[in-house]
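Contents: one structure, followed by commentary.
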Amino acid sequence: MGIAGFISEDLKKSPVTVDYTWYDRSQGVVQWNFHNIGSTTRSFILIRGVSQNGNVSEIYAFGDAFYPLYYRNFNVDFVTHPESLKNVNVETNSAPLAVIENSESELLVAFLYTLSGGESYSVLEAGWKGIEPGGISVALAKYKGIKNFEINYDKKQCTLYNEESNTDYQCPPDPFTVRGGMFSVDKSIKELFNDSIMAVSADTC
């Protein structure tokens, strides 16, 4: 297991940094390592893609693939308020999900990470067998309150996950509704599948 040695110009300017190490390269498992080097609490999402032959493709927010299945089967809830990951159930090996508004006011879903000043956090991700992560950055996320959301999702996410992992997990109803926090990021990161996420209530807290 070795340090990837990746720090982009974007990360050098951010109070949150990320690198990855190979947890098990033969099985395609990487470990993402986040560090809040600032003094204040920050929420953020991870953006990364696939690097092959000097080209980077499939850049999207971590968690945007397969989130309906995570929510239905793996006890990964939608966060309501930003909370340090020290208080999150580590048995799920993941951060909570959140609805993210990108710089074009489009909505998507991603894992939301929140670290207090000086805190660090690591998480595993499979699916990297024979390929390398690339296009890596973090996007700071600003909390905008709690809303009710109706999520219409592409069921291809369930099919692909079950095919890749040789499982038979069920997905939630389509559409399904959740109540959770919304966060905005100043990046034009796009939603991965053809999902439709819409706020169905103006309630905020």
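Residues whose amide H comes within less than 5 Å of that of ASP64, counting only those at least five positions distant or on another chain, are PHE111 (H built at 1.01 Å from N in the peptide plane). Mean-square fluctuations from a GNM of the chain, with a 10 angstrom spring cutoff on Cα atoms, peak among VAL123, VAL76, VAL18 at VAL123.
Can you figure out the FRET efficiency of ASN33 with VAL56, using R₀ = 22 Å and their beta-carbon distance, to the nearest 0.05? Computed FRET efficiency for ASN33 and VAL56 comes out at 0.65. In terms of accessible area, using a 1.4 Å probe and ignoring ligands and nucleic acids, THR21, THR159, THR177 rank largest first as THR177, THR159, THR21. The order of the peptides 102-110, 44-52, 161-169 by mean Cβ neighbours within 10 Å, most packed first, is 44-52, 102-110, 161-169. Considering helices alone, the calculated mean residue ellipticity of the chain at 222 nm is -2500 deg cm²/dmol, with DSSP H runs of length four and up weighted by -39500 (n - 2.57) and normalised per residue. Per atom type, the chain shows carbon and sulfur on 46% of its accessible surface, probed at 1.4 Å. Subtracting the Cα-Cα distance of LYS155 and PHE176 from their residue separation scaled by 0.36 nm leaves 6.3 nm. Remark: the chain carries 50 Å² of accessible area per residue (probe radius 1.4 Å; ligands, DNA and RNA excluded).
Taking a ≥ b ≥ c as the square roots of the Cα gyration tensor eigenvalues, with a/c under 1.5 meaning rounded and otherwise prolate when a/b beats b/c, else oblate, which class fits the chain? Note, shape of the chain comes out oblate.
In this structure, the amide hydrogen of GLY38, modeled 1.01 Å from its nitrogen in the peptide plane, lies closer than 5 angstrom to those of GLY118, counting only residues at least 5 positions away or on a different chain. Once the C-beta distance of LYS190 and THR167 is scaled by a Förster radius of 22 Å, the resulting FRET efficiency is 0.20 to the nearest 0.05.
The values are calculated or read from the model by the stated rules, or taken from the named source; none is laboratory data. Remember, predicted model here, so these are calculated numbers, not experimental data. Here Cβ is always computed from backbone atoms with ideal geometry, including for glycine, and neighbour counts include all displayed protein chains. Areas reflect the complete protein model, heavy atoms only, side chains present, ligands, DNA and RNA absent. Shrake-Rupley method; radii C 1.70, N 1.55, O 1.52, S 1.80 Å.
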